[in-house]
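So the structure is just underneath, and the comments pick up after that.
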Amino acid sequence: MRLAYAAALLVTAGPALAAQYEIDPHHTYVAFEIGHFGTSTNRAQFEKTSGSIDFDRAAKKGKVDVRVDTTSVHSGSAEFDTHLQGTDLFNTARYPEMRFVSDRFEFNGDRVAKVHGQLTLLGKTGPLVLSATQFNCYQSPILKSEVCGGDFEGSIDRTQWGMDYLVTMGMPKQVRLVVQIEAAKR
């Protein structure tokens, strides 16, 4: 698999190869928020992520491949986590991974403003745009490498992926996604 990935990079890289970054699982979290019958907001995050980013700041291009372990969902309540993992919602026994893949970055000057991609959830793939609320690159004194990352937000209609639980009872379709991501240059 790594050989195929490397070959694909060589074929598509062209004259200038974008810098490659590996997602830092200690600084990358995918969280979600959904209203709870108009009273409060349910929140949870996935604690295990992996993936890579190709980033070419000069050409204002990039690629992202983020994998999220759906079994790592954490809401602060073991009982609610079990429900989230069940067949009504994330069905983690059948779909232990959620994935976001993008090959289109939108810039505002030199800063990443949006990332346009495809989200695969519950075996279905659909569009997702993540907007950057902040983005920066810095030289990490600990990793001795350049690190790029930021905070991103987006929204999905969960029914597009077949997650219809309690919609007919008044639970909202819209889910807010909040993504905190950092990746270190390889």
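At-a-glance table
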{"read-out": "Pair list, Cβ under 6 Å, 6 or more apart: region 21-47 residue within 25 Å of residue 166 (Cβ to Cβ) and surrounded by 15 or more Cβ atoms within 10 Å (Cβ to Cβ), other residue at pLDDT below 95 and small (Gly, Ala, Ser)", "value": "none"}
{"read-out": "Residue tally, condition modelled with pLDDT under 90 and either among the aliphatic types (A, V, I, L, M) or within 14 Å of the chain's Cα centre (by Cα) (or both), over region 12-38", "value": "4"}
{"read-out": "Strands (runs of 3 or more DSSP E) completely within region 107-186 that count 2 or more residues being β-branched (Val, Ile, Thr) and surrounded by fewer than 17 Cβ atoms within 10 Å (Cβ to Cβ)", "value": "124-140"}
{"read-out": "Residue 130 under 25 Å from residue 84 (Cβ atoms) and in contact with a strand residue (DSSP E or B) (Cβ under 6 Å, 6 or more places away or on another chain)", "value": "yes"}
{"read-out": "Residues within region 118-147 that are among the polar types (S, T, N, Q), without any contact (Cβ under 8 Å) to a residue 12 or more places away in the chain and within 18 Å of residue 67 (Cα to Cα), tallied", "value": "1"}
{"read-out": "Any chance residue 114 is at pLDDT below 95, farther than 19 Å from residue 97 by Cβ and among the basic types (Lys, Arg)", "value": "no"}
{"read-out": "Residues within region 84-96 that are surrounded by fewer than 16 Cβ atoms within 10 Å (Cβ to Cβ) and free of Cβ contacts under 8 Å to residues at least 60 places away in the same chain, tallied", "value": "5"}
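The values are calculated or read from the model by the stated rules, or taken from the named source; none is laboratory data. Because the structure is a prediction, the values reported are computed rather than measured. As a convention, Cβ positions derive from the backbone with ideal geometry for all residues, glycine included, and neighbour counts pool all protein chains shown.
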